[in-house]
Amino acid sequence: MSKRQINTIAVRTGIETDTTHGAVVPPIYLSTNYSFLGYDRKGDYDYSRSANPTRNLLAQALAELEGGAGAVITNTGMAAVHLVCALLNPGDILIAPHDCYGGSYRLFDSLSARGLFEVIFVDQNDEDALGQAFARGAKLIWLETPSNPLLRLVDIKKIAEQAKSHGTLVAVDNTFLSPALQQPLYLGADIVVHSATKYINGHSDVVIGAVISKTVELHEKLAWWANCQGQTGSAFDSYLTLRGLRTLGPRMRTHQENAAVVANFLATQSQIKHVYYPGLSTHPQHDLAKCQQSGFGAMLSFELDADKSQRIEFIEKLQLFCLAESLGGVESLIAHPATMTHAGMSAAAQLEAGITPELFRISVGLEDSRDLVADLTQALSVIGTRNE
C-alpha cells in the first residue's frame, strides 16, 4: 500500500495483530518482566522499563503519524521535555522561546542554573535576536508553535533551515496541534515532542509524553537515555493513550469547529480586549498558520476588559468551562495562565512573554458550540452590567 493517511494510522495501528487468540484490539501487557530464551539469550523483551509490547505499539503509531524513525513514550509530558535535554552537555547552548509553556521555562531555567547547559530565552520572531543566539553556537533550539498561551507562531521551515546552517538541532513542541494538524519533521525539525496527555489521549485520564525523532541514530540515543533515567511510560497508560488516539481525527474536527465558533463570538464582545486565535483573519500570523498547519486547532486565549473582582465573578459564573490545568480533553476548560500554567515564571518573565492578569486560556471541548456560547454570554454579562 502507499503511505497511509493520518486517520487510518491512528485507527489501525495494532489492530488484528494478536496471534494468540485473534483479538481485534491488541491486548495490554502488564507484565513487569519477560522470560529469557536461555542463558545469555534475551528475547525482544526482558524488562518493561526498557521495552514493552503495549508501549511499543503506541510508539509505532506516533512515529508513523509524525513521519519519524522512532518514538520514545515517556511517563509525562515534562519527562519528554527533560529527555530531550539529555542531548545537552555543560557548556552547550539551548535557544528557547521567551513565551514557552511555564513548565518548560521553569525546567530549562532550573537546569541551566545548575550548570547542565546554558539557556537563551529569546523572541524567536525577532530575527536579530535569534541570529545573535545562533551565532553563539547553539546545540539545540526549542520551538513551541503555536505558543502556550498566546498562540504565537514561528516559521518552522525557515528556522530549521537557519538552524541547519549553524549545526543546531531543532526540537518542536507539537502538543497544541497534534500530528493531525501539524507535522514538524516534514518542515525540517529533528525532534517532535508531545504532552500526549493532551489531544493524543484526549480524555483527561492519562499523564504521558512522547519524543519522536527524525533519524534512527537520534531515536536510539534518546531511547537509551529514557531507559537509563527511568522516564518510560507504563503499559496501562500506553494502552489508554492508544485507545484515545484512535479517535484523534474526528475529535480534532469537532474541536476545531467549536473553537472557530467560540473565537468568532468572543471577538465581537465589548468585554473582550483581544482574542488570540490563529484561525481569525485578524491574527498577525494567520497566513503562516495556513501554510504550515492543516488546521487552526482548538486552543485560544483572550484578555478581559475587567478588574480582578469582575474576573473572579466571570470565572465563578461559568458552568461549561472547568477552571483547571491541562488541555485537549473532550471537556472545555479555562485557565488563568498567570496563576496556573505559568505560575512558575517570575513576574518579570511573565511580563516579557505578554502574560497579564487579564489573560485567560480556553481549551475548547466537544460540547455543542451553541451551549458554549450561551455559557460565555451569561458569564460575560457580569462584566457588561458592571461597566454600564
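The values are calculated or read from the model by the stated rules, or taken from the named source; none is laboratory data. Just so we're clear, the structure is a prediction, and the values are computed from it rather than from any experiment. Every residue, glycine among them, receives a Cβ derived from its backbone with ideal geometry; neighbour counts consider all protein chains shown.
Where residues in region 167-187 are within 15 Å of the chain's Cα centre (by Cα) and among the β-branched types (Val, Ile, Thr), which of them is nearest to Gln256 (Cα to Cα)?
Thr175
Being without any contact (Cβ under 8 Å) to a residue 40 or more places away in the chain, closer than 14 Å to Asn148 by Cα and buried (at least 17 other Cβ atoms within 10 Å of the Cβ): is that true of His342 here? Quick ask: steps written out before the conclusion?
Values: without any contact (Cβ under 8 Å) to a residue 40 or more places away in the chain: no; closer than 14 Å to Asn148 by Cα: yes; buried (at least 17 other Cβ atoms within 10 Å of the Cβ): yes.
The answer is no for His342.
When the residues of region 75-94 are narrowed to those that are in a helix (DSSP H, G or I) and touching a residue at least 40 places away in the same chain (Cβ under 8 Å), which ends up surrounded by the most Cβ atoms within 10 Å (Cβ to Cβ)? First the steps, then the outcome.
First, pick out the residues of region 75-94 that are in a helix (DSSP H, G or I): 77-85.
The next check asks that each one be touching a residue at least 40 places away in the same chain (Cβ under 8 Å); those that pass are 77-84.
Working: Gly77: 24, Met78: 19, Ala79: 23, Ala80: 31, Val81: 23, His82: 21, Leu83: 23, Val84: 22.
Only one residue tops the list, namely Ala80.
Just to verify a result, which residue in region 228-256, among those that are within 18 Å of Ser294 (Cβ to Cβ) and in contact with a helix residue (DSSP H, G or I) (Cβ under 6 Å, 6 or more places away or on another chain), is surrounded by the most Cβ atoms within 10 Å (Cβ to Cβ)? It would help to see each step written out before you state the result.
As a first pass, look at region 228-256 and keep what is within 18 Å of Ser294 (Cβ to Cβ): 245, 247-256.
Still in the running and in contact with a helix residue (DSSP H, G or I) (Cβ under 6 Å, 6 or more places away or on another chain): 245, 248-249.
Numbers: Leu245: 27, Leu248: 24, Gly249: 17.
This residue is Leu245.
Could you list all residues from region 317-340 that are polar (S, T, N, Q) and more than 22 Å from Arg251 (Cβ to Cβ)? Full working, then the answer.
Restricting attention to region 317-340, the residues satisfying the condition of being polar (S, T, N, Q) are 319, 326, 332, 339.
Scanning region 317-340 gives Gln319, Thr339.
Considering region 177-201 alone, what residues qualify as being crowded, with 24+ Cβ neighbours inside 10 Å, out of contact with any Lys or Arg (no Cβ under 8 Å at 6 or more places or on another chain) and aromatic (Phe, Trp, Tyr)?
Result: no residue meets the conditions.
Would you point out the residue of region 51-74, among those that are of a type in the set (A, V, I, L, M) and in a helix (DSSP H, G or I), that is farthest from the chain's Cα centre (by Cα)?
Our first condition is that a residue be of a type in the set (A, V, I, L, M); within region 51-74, this holds for 51, 57-59, 61-63, 65, 69, 71-73.
Right, trim to in a helix (DSSP H, G or I) and you get 57-59, 61-63, 65.
Values: Leu57: 20, Leu58: 16, Ala59: 16, Ala61: 17, Leu62: 13, Ala63: 15, Leu65: 15 Å.
Per the criteria, the residue is Leu57.
Across region 145-162, what is the total count of residues that are in contact with a helix residue (DSSP H, G or I) (Cβ under 7 Å, 6 or more places away or on another chain) and over 14 Å from Leu288 (Cα atoms)?
Of the residues in that region, 2 qualify.
In region 265-318, what residues are touching a residue at least 60 places away in the same chain (Cβ under 8 Å) and either in the same structural domain as Asp99 (by TED's automatic domain parsing) or of a type in the set (Asp, Glu) (or both)?
Of everything in region 265-318, those that are touching a residue at least 60 places away in the same chain (Cβ under 8 Å) and either in the same structural domain as Asp99 (by TED's automatic domain parsing) or of a type in the set (Asp, Glu) (or both) turn out to be Asp305, Glu313.
Tell me, please, whether a residue that is free of Cβ contacts under 8 Å to residues at least 60 places away in the same chain, touching a Gly at 6+ places or on another chain (Cβ under 7 Å) and not assigned by TED's automatic domain parsing to the domain that holds Glu325 can be found in region 95-117. Talk me through it step by step, then tell me what you get.
Kept after step one, since they are free of Cβ contacts under 8 Å to residues at least 60 places away in the same chain, are these residues of region 95-117: 96-97, 107-117.
With touching a Gly at 6+ places or on another chain (Cβ under 7 Å) added as a condition, the list becomes none.
For region 95-117, residues free of Cβ contacts under 8 Å to residues at least 60 places away in the same chain, touching a Gly at 6+ places or on another chain (Cβ under 7 Å) and not assigned by TED's automatic domain parsing to the domain that holds Glu325: absent.
Can you report the number of residues in region 318-339 which are under 20 Å from the mean Cα position of the chain (by Cα) and either more than 19 Å from Leu151 (Cα to Cα) or among the small types (Gly, Ala, Ser) (or both)?
Total satisfying the criteria: 11.
Are there any pairs with C-beta distances below 6 angstrom linking a residue in region 348-366 that is more than 17 Å from Phe314 (Cα to Cα) and at pLDDT 95 or above to a residue that is part of a loop (DSSP other than H, G, I, E, B) and among the β-branched types (Val, Ile, Thr), with the two at least 6 apart or on different chains, and if so which?
Gly365/Val330; Leu366/Val330
How do the pairs read when you match residues in region 39-52 that are touching a residue at least 24 places away in the same chain (Cβ under 8 Å) with residues anywhere that are of a type in the set (A, V, I, L, M, F, W, C), using Cβ under 7 Å and keeping only pairs 6 or more apart or on different chains?
So the pair list comes out as Ser48/Ala235; Asn52/Ala235.
Out of region 153-172, which residues are in contact with a Leu (Cβ under 7 Å, 6 or more places away or on another chain) and among the charged types (D, E, K, R)?
Within region 153-172, Asp155, Lys157 qualify.
Condition first: outside any helix (DSSP H, G or I), closer than 19 Å to Pro146 by Cα and under 20 Å from the mean Cα position of the chain (by Cα). Now tell me which residues in region 232-283 satisfy that.
Tyr276, Tyr277, Pro278, Gly279
With respect to Gly328, determine if the residue is at positive phi, touching a residue at least 40 places away in the same chain (Cβ under 8 Å) and either charged (D, E, K, R) or touching an Asp or Glu at 6+ places or on another chain (Cβ under 9 Å) (or both).
Taking the combined requirement at face value, the residue does not satisfy it.
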